[in-house]
Amino acid sequence: MSKTATLEINGQKHDFPLITGTENEVAIDIKTLRGVTGGVTTIDPGYKNTGSCESAITFLNGEEGILRYRGYAIEDLAEKASFLEVAYLLIFGELPTRVELDKFHADIKEESVVDDDIKKILDAFPKAAHPMGVLSSLTSALTAFNPSSVNVDSEEDMYRAIVKIMGKFPVLVAWTMRKQKGLPLDYGDDSLGYVENVLKMMFKKPNQEYVENPILVNALDKLLILHADHEQNCSTSTVRIVGSSHAGLFASLSAGISALWGPLHGGANQAVLEMLEAIKEDGGDTKKFMAKAKDKEDPFRLMGFGHRVYKNFDPRAKIIKVAADEVLGDLGIEDPVLDIAKGLATEALSDEYFVKRKLYPNVDFYSGIIYRAMGIPVEMFTVMFALGRLPGWIAQWKEMRTRKEPIGRPRQVYTGENHREFKTVDDR
Ligand code: CMC
């Protein structure tokens, strides 16, 4: 294969190196484009064809439906690993030994107390505030209570910052839900596993002994693993670009949470459940909503369908579909919304519009059904996504900072007015 790509502009030929990733993905390295062409740039709204970085964290092949973290298949990790092992793998590059895992968990627990003054900030939010807005604000507020800058050249500093956020974030997640439900705030129980503790912090009632449900622990562990990273998506790119200005880790993560909130990204899990509920309320006619999704005059989209990268089945959706069946079966829940979801999926998979555009159910199509079965309020679904995505964001931020990547600063093609004479207000 050729090692360069040649671009001809105004009769001049320019060669650019091709770089090949470890999975044989090829990219044209255009770092010198503007310099050698005297200012020509590229344009790619939505970055559909633009690689923003080289990364050794997650491999995704959308055509074949492959997702791997640090080389390990998502199917293996979801079945055989714990969320904390996966977090360690993503952040540090290798699966931990038992000793490393125990130390990681112990250090996280050591850092899992959030300054009590954060409660005052939480107090100031109205109960009806969306939990994603609250979570983003509280994450950013952590900066005020902890050193905001990390010496990225110090492994110890980096490690401390990482265990700090891994410890405090689940507390903030639980508090956003407890605030909404009017429950007293709690710091959890550090004798428990990471995910067990999350559930206890979320659900423990002040007047009852908390009884753990291993089915829910297992299901949440799996969901968090499936959401843990997804290479350069909207929120991850946000974390990297905010961090590239050397803004602190907490501020970068807070920006990532805001990016995740949107219904085209992480907010889709909430939107899916609201859509399924609306279909149920409307009498359950899935065909009617399929027709709306296909009508170009109608802004309605089938939420939980389609993906920027997967043009084949989302491998995470396959695993979650099975998990949803298991959790509902184990808990003895019959959810009519699951039947509507299955009906929609069956219809879409054989519908010409969806088949032609390669629109398959994505990870968020089924995750909300499991969250609902767990008793998690709909508005908290995207917060749960953020909890899962945290190690991915950290890993990507760490990679970007330790590789000393330059500040993210895209170009544009200006299409506005040319130079105009200024007229004072009375002359206009
Ligand atoms: N329902 C109906 N039509 C759709 C849908 C959908 N969910 N998704 C895409 N299309 C159509 C779209 O109208 C377009 O049709 P045409 O070629 O005739 O103009 C075509 O498919 C391509 O769509 P696109 O918007 O150009 O694709 P994209 O890569 O820019 O968008 C997406 C990807 C995920 C934003 C989009 O599929 C979507 O809005 N899906 C619903 C929201 C959703 O479920 N998001 C969660 C994604 S998974 C979680 C995560 O990682 O964030």
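The values are calculated or read from the model by the stated rules, or taken from the named source; none is laboratory data. Here the structure is a predicted model, which means the values were calculated and not measured. Cβ atoms come from the backbone with ideal geometry, glycine included; neighbour counts cover every protein chain shown.
What the table below lists for this structure:
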quantity: Residues of the range 347-360 satisfying the condition of being within 11 Å of the ligand (Cβ to nearest atom) and either more than 20 Å from Ala271 (Cβ to Cβ) or not in a helix (DSSP H, G or I) (or both); calculated: Asp351, Lys356, Arg357, Lys358, Leu359, Tyr360
quantity: The range 214-229, subset within 16 Å of the chain's Cα centre (by Cα) and among the hydrophobic types (A, V, I, L, M, F, W, C), residue surrounded by the most Cβ atoms within 10 Å (Cβ to Cβ); calculated: Leu223
quantity: Per-region count, the range 308-320, residues within 16 Å of Asp364 (Cβ to Cβ) and either small (Gly, Ala, Ser) or more than 11 Å from the ligand (Cβ to nearest atom) (or both); calculated: 6
quantity: Residue in the range 180-195 that is at pLDDT 95 or above and either part of a helix (DSSP H, G or I) or under 30 Å from Arg308 (Cβ atoms) (or both) present; calculated: yes
quantity: Set Met201, Met177: member being without any contact (Cβ under 8 Å) to a residue 60 or more places away in the chain, part of a helix (DSSP H, G or I), under 24 Å from Ile121 (Cβ atoms) and hydrophobic (A, V, I, L, M, F, W, C); calculated: Met201
quantity: Leading residue by the ranking (farthest from the ligand (Cβ to nearest atom)) among those in the range 275-295 that are farther than 24 Å from Phe381 by Cα and assigned to a loop (DSSP other than H, G, I, E, B); calculated: Gly283
quantity: Looking only at the range 34-52, and only at residues there that are of a type in the set (A, V, I, L, M, F, W, C) and surrounded by 10 or more Cβ atoms within 10 Å (Cβ to Cβ), the one that is nearest to the ligand (Cβ to nearest atom); calculated: Val40
quantity: Enumeration of residues in the range 255-272 that are part of a helix (DSSP H, G or I) and either in contact with a Pro (Cβ under 6 Å, 6 or more places away or on another chain) or surrounded by 24 or more Cβ atoms within 10 Å (Cβ to Cβ) (or both); calculated: Gly256, Ile257, Leu260, Ala268, Asn269, Gln270, Ala271, Val272
quantity: Members of the range 111-125 found to be more than 12 Å from Ala144 (Cα to Cα), in contact (Cβ under 8 Å) with a residue 40 or more places away in the chain and hydrophobic (A, V, I, L, M, F, W, C), listed by number; calculated: Val113, Leu122, Phe125
quantity: Any chance Lys342 is within 15 Å of the ligand (Cβ to nearest atom), out of contact with any helix residue (DSSP H, G or I) (no Cβ under 6 Å at 6 or more places or on another chain) and in a helix (DSSP H, G or I); calculated: no
quantity: Search result, residues across the range 297-324 that are under 17 Å from His230 (Cα atoms) and either among the aromatic types (Phe, Trp, Tyr) or in contact with a Ser or Thr (Cβ under 8 Å, 6 or more places away or on another chain) (or both); calculated: Phe305, Tyr310, Phe313, Ile320
quantity: Residue in the range 90-100 that is more than 14 Å from Asp229 (Cβ to Cβ), of a type in the set (A, V, I, L, M, F, W, C) and either in a helix (DSSP H, G or I) or under 17 Å from the mean Cα position of the chain (by Cα) (or both) present; calculated: yes
quantity: Residue selected from the range 296-307 under the condition assigned to a loop (DSSP other than H, G, I, E, B) and in contact with a helix residue (DSSP H, G or I) (Cβ under 8 Å, 6 or more places away or on another chain), by the criterion farthest from the ligand (Cβ to nearest atom); calculated: Asp298
quantity: Scope the range 395-428; condition touching a residue at least 24 places away in the same chain (Cβ under 8 Å) and aliphatic (A, V, I, L, M); matching residues; calculated: Ala395, Met400, Ile407, Val413
quantity: Residue pairs meeting the criteria (Cβ under 6 Å; at least 6 apart or on separate chains; first under 21 Å from Ile74 (Cα atoms), in the range 44-61; second modelled with pLDDT under 95 and not small (Gly, Ala, Ser)); calculated: Leu60/Val309
quantity: Residue count, the range 278-331 (criterion: within 30 Å of Thr50 (Cβ to Cβ) and not β-branched (Val, Ile, Thr)); calculated: 22
quantity: Single unsatisfied condition, Val363 versus (1) more than 30 Å from Val217 (Cα to Cα); (2) within 12 Å of the ligand (Cβ to nearest atom); (3) of a type in the set (A, V, I, L, M); calculated: (1)
quantity: The range 246-267 residues that are free of Cβ contacts under 8 Å to residues at least 12 places away in the same chain, paired with ones that are outside any loop (DSSP other than H, G, I, E, B) and more than 16 Å from the ligand (Cβ to nearest atom) (beta carbon under 7 Å, 6 or more apart); calculated: none
quantity: Out of Val114, Val134, Val99, sole residue that is surrounded by fewer than 17 Cβ atoms within 10 Å (Cβ to Cβ) and of a type in the set (A, V, I, L, M, F, W, C); calculated: Val99
quantity: Subset of the range 51-80 [more than 20 Å from Asn24 (Cβ to Cβ) and charged (D, E, K, R)]; calculated: Glu75, Asp76, Glu79, Lys80
quantity: Positions within the range 240-274 being β-branched (Val, Ile, Thr), away from the ligand (no atom under 14 Å from the Cβ) and touching a helix residue (DSSP H, G or I) at 6+ places or on another chain (Cβ under 6 Å), in sequence order; calculated: Val242
